Amino acid sequence: FSLKNSVQCRALEIENKPSFTIGKKFQLGDVIEAQQFDRDTLSAIFDVAREMEKIEKNSPGSQILKGYLMATLFYEPSTRTRLSFESAMKRLGGEVLTTENAREFSSAAKGETLEDSIRTVEGYSDIIVMRHFESGSAKRAAATANIPIINAGDGPGQHPTQLREGITLAFCPMQALLDVYTIEREIGKLDGIKVGLVGDLANGRTVRSLAYLLAKYQDVKIYFVSPEVVKMKDDIKEYLTSKGVEWEETSDLMEVASKCDVLYQTRIQRERFGERIDLYEEARGKYIMDRDILGVMQKHAVVMHPLPRLDEITVDVDADPRAAYFRQAKNGLYIRMALLKLLLVGW
Amino acid sequence: FSLKNSVQCRALEIENKPSFTIGKKFQLGDVIEAQQFDRDTLSAIFDVAREMEKIEKNSPGSQILKGYLMATLFYEPSTRTRLSFESAMKRLGGEVLTTENAREFSSAAKGETLEDSIRTVEGYSDIIVMRHFESGSAKRAAATANIPIINAGDGPGQHPTQLREGITLAFCPMQALLDVYTIEREIGKLDGIKVGLVGDLANGRTVRSLAYLLAKYQDVKIYFVSPEVVKMKDDIKEYLTSKGVEWEETSDLMEVASKCDVLYQTRIQRERFGERIDLYEEARGKYIMDRDILGVMQKHAVVMHPLPRLDEITVDVDADPRAAYFRQAKNGLYIRMALLKLLLVGW
Amino acid sequence: FSLKNSVQCRALEIENKPSFTIGKKFQLGDVIEAQQFDRDTLSAIFDVAREMEKIEKNSPGSQILKGYLMATLFYEPSTRTRLSFESAMKRLGGEVLTTENAREFSSAAKGETLEDSIRTVEGYSDIIVMRHFESGSAKRAAATANIPIINAGDGPGQHPTQLREGITLAFCPMQALLDVYTIEREIGKLDGIKVGLVGDLANGRTVRSLAYLLAKYQDVKIYFVSPEVVKMKDDIKEYLTSKGVEWEETSDLMEVASKCDVLYQTRIQRERFGERIDLYEEARGKYIMDRDILGVMQKHAVVMHPLPRLDEITVDVDADPRAAYFRQAKNGLYIRMALLKLLLVGW
């Protein structure tokens, strides 16, 4: 039962202390934030994700994680995220304890600390997938637990706070991992690609994390296309520049569409605009992806989106083979299967 | 992994295009509405249900659906329905992803279309059991999905809308299937039976669907016994007449009880009466099944009820062997096991 | 499939009719209340719990309960209790149907009786773990069901009502069982021990049940240490006296700490004080366990707590090996595994 061994080697991996060692496979301890992954770690995880895809397609009833128990400890409900983790676990023969409303129902309501809750739940399970409404919760849980923690989102979402390196990334590393994996699967490479990030770049933490991870690759060019009110913030721009990543801000979506390998659309989030519904309505209608955009895109290029979408990609785009967003969602399953396997049984 | 093959053969079966073919077992694609089943299909499903009963009783730990994953996607909670499907799946060795409050918690709350939600969830599972508050949702889901959909209820329940053939049946075909199965199990035949439908025949969609399916059998006689305000509507009466089914409306429950093979009692639903509590109170007390009714019933006859019951059947009836309603509920498990097996691995 | 046999032998065990028979292992039918366990039964259950601990640590993927299905029917949510039972079931290879909000979602909302609900759910499962807001519900369920019932709490919690023998114990026997098991595991014996019960002794039903069960052992001495407003009530004191158990009421926590084998701390429950927040604040600050208390405790002694805790045990106590409360919580898993095994497959 290798869990206990792998647990002893657990450590939060950080950028300057890469978790991958040449000649020896790395030990993944917890999955907390995008910053913990370097290029080699990503590549190694993606190799496992490709294995997972084969297992999911060809080996129903896989028993790789038989006997392991995952607790999904969600202090805020998120049905899609929860189902994707639970599916990943079950596709590998593992079992699940589930709670999707821990904030209201659990001992937390009586004033118990997160640390005490984690100490109790780790007695019932082998790995905890946690979503919490407070920034930094996943890190606190990982510092307490003797079993692996996966961060399925911590923080209020609406109010990014400074984390480290002066930049704030997505409140969950999962989306960025599966986005980079999807680009590699769809385009066949990560070095030398051109990526257009479109929509809400100010609040959409997904695109911030993606830009951050893309900076780990060579000769990447990023285009920012967004309404004036939700432009990409300076911290990411400065980070990209410091890493030698070329970037450009433009309002010409057609031009960008014709040049890019990847067009990454995001939802303009109404909840960010408060009372200013006029600004929201103006912003959301500005950069729609439709068949006209497809018309100028290259044959090998793809449209991505973190989902859910509203009408920022029109439905008639779905049937085009370059519409990659549902494949992207499915890739999230393979990434989660890979992480669960790595955290529980290692290589 | 026969799922993918069977999926290619999926089609919504309709009355004039029966899903059963002589000399070749039919392919069941989705289970959406009572209208998709003809007499031969019902008979074939019932044969499998009887197998399932043997498995449930004698073969704990069956592995027939091992490796298969069912998602219960409930936009409206319904604990009993959900548990019965999940039990059916697990009794056959399958696994379950569960969500019972998708309306509030999921991406639907952010404005995602049902079609997009289905495309995501089908990436995580092999079959979706769906309950939704909008009529026609199950059909939309089936048209989108590449995996089988089972309709566990769609529509508001309270406001029947016209579907097809000019008549509206239950918002879920499951109850009618298990009712017909129960009659066959209890009485030993379906042709030539006499059935009394009692209680709320106007709003109780269960009895409408049952009457509809009984019209597929020979020499059936149906008695309608209901308070004046909740009489069976003309569409069903006309349909029965058009199919050559004899029916009669009466207020003499004793007389009906003495003649029938099946007395099917239903709950008078308070929520249908709005402010008119006086009408509700009058209606609910009118046709109670008690030991006096049992006294005039034939020895082989049975009392059925879709449950939950309030006091329309008195508790002292429960111990009589002719009280079939809890066996009826259990038959729902066998019917669900049969449908899951047929949809996932075929014959 | 031994379930049906064991079910035929089901009976609520009571104090004067011990469930353990010399030369023949007892049949455990349901687990409803602490009063049903005598000393021999407890000892036998603890033997199985120790086996369960070995299985949990050394045999992931145990198949002891393979093919069995447990329904967690919670009319009131209690995440921790639910997860601990579900973990116990899954650690033994069993499967789970779960509902944590049955009051709101189920047929109960339509007025169905508990008995009817139980009759339906027992058709879907092999054992029911039930939590209900009405005192006596578990007993009613057990009287109805043909499968074993485990009481995971019934009653409002806030308003203890008289049950039998003139004394009211915890609304769920589980905590007392795991507490006694923990004392035996930690101290190595139950006869001759000294136990300090601290905190809210008036409302904390946990300590009442523990005192009740400890009376089954020889030469036990109990110290009650509590704020004046939440003193241990006379019924328990009289019961202890009648069983020859020595007890003492004192306000000198330091003195008690220096003498006891077990210091059992409890949370002062704010909800019991209503508007009198001043009384609550005074009571909660009065007997805190901190490093000073540890300083006078014996080396072999332990601190216990039913959890969740607020600040009645300071966090700096956690690292001391005598802090037994998280081990105690884990023991709850082993006790639940043992009960599930005994109820479903017997010895």
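The values are calculated or read from the model by the stated rules, or taken from the named source; none is laboratory data. Note that the structure is predicted; figures quoted are calculated from it, not measured. Here the Cβ positions follow ideal geometry from the backbone for every residue, glycine too, while neighbour counts run over all protein chains shown. Protein only, heavy atoms only, side chains kept; ligands, DNA and RNA dropped before computing areas. Shrake-Rupley method; radii C 1.70, N 1.55, O 1.52, S 1.80 Å.
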Next item on the list: Being open to solvent by less than 10 Å² (accessible area, probe 1.4 Å) and touching a residue at least 40 places away in the same chain (Cβ under 8 Å) is the filter; apply it to the stretch A:87-116 and report the residue that is farthest from B:Thr120 (Cα to Cα).
Entry: A:Gly94
Check: Within the stretch C:193-203, can one find any residue that is open to solvent by 10 Å² or more (accessible area, probe 1.4 Å) and modelled with pLDDT of 95 or more?
Finding: yes
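Within the stretch C:133-156, track down each residue that is within 14 Å of chain B (Cβ to nearest Cβ) and open to solvent by 10 Å² or more (accessible area, probe 1.4 Å).
Once the filter is applied, which keeps residues that are within 14 Å of chain B (Cβ to nearest Cβ) and open to solvent by 10 Å² or more (accessible area, probe 1.4 Å), the stretch C:133-156 yields C:Arg140, C:Ala143, C:Thr144, C:Asn146, C:Ile147.
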Notebook entry, point to check: Given C:Tyr287, C:Tyr280, C:Tyr325, C:Tyr264, which one is more than 14 Å from C:Val198 (Cβ to Cβ) and of a type in the set (Ser, Thr, Tyr)?
Noted result: C:Tyr280
Check: Are any residues in the stretch C:49-74 open to solvent by 10 Å² or more (accessible area, probe 1.4 Å) and either in a loop (DSSP other than H, G, I, E, B) or among the β-branched types (Val, Ile, Thr) (or both), and if so, which ones?
Finding: C:Ile55, C:Ser59, C:Pro60, C:Gly61, C:Ser62, C:Gln63, C:Ile64, C:Lys66, C:Gly67, C:Tyr68
Notebook entry, point to check: Within the stretch B:94-107, can one find any residue that is at pLDDT 95 or above and not in a strand (DSSP E or B)?
Noted result: yes
Margin query: Quick check on this structure: which one of B:Ile64, B:Ile32 is in contact with a strand residue (DSSP E or B) (Cβ under 6 Å, 6 or more places away or on another chain), of a type outside the set (D, E, K, R) and away from every other protein chain (no Cβ under 11 Å)?
Written below: B:Ile32
Note to self: Can you tell me which residue is most open to solvent (accessible area, probe 1.4 Å) among those in the stretch B:328-337 that are more than 9 Å from chain C (Cβ to nearest Cβ) and over 11 Å from B:Glu53 (Cβ atoms)?
What the structure shows: B:Arg336
Note to self: Looking only at strands (runs of 3 or more DSSP E) that lie completely in the stretch C:216-335, which have at least 3 residues being hydrophobic (A, V, I, L, M, F, W, C)?
What the structure shows: C:221-225, C:302-304
Next item on the list: Determine whether the stretch A:275-283 contains at least one residue that is open to solvent by less than 10 Å² (accessible area, probe 1.4 Å) and in contact with a strand residue (DSSP E or B) (Cβ under 8 Å, 6 or more places away or on another chain).
Entry: no
Check: Among the residues of the stretch B:75-86, how many are open to solvent by 10 Å² or more (accessible area, probe 1.4 Å), part of a helix (DSSP H, G or I) and at the interface with chain C (Cβ under 7 Å from one of its Cβ atoms)?
Finding: 1
Check: Is at least one residue of the stretch B:109-125 facing chain A (nearest Cβ under 9 Å), of a type in the set (Val, Ile, Thr) and in a strand (DSSP E or B)?
Finding: no
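Kindly indicate whether B:Arg309 is within 14 Å of another protein chain (Cβ to nearest Cβ), open to solvent by less than 30 Å² (accessible area, probe 1.4 Å) and within 30 Å of B:Leu92 (Cβ to Cβ).
It is true that B:Arg309 is within 14 Å of another protein chain (Cβ to nearest Cβ), open to solvent by less than 30 Å² (accessible area, probe 1.4 Å) and within 30 Å of B:Leu92 (Cβ to Cβ).
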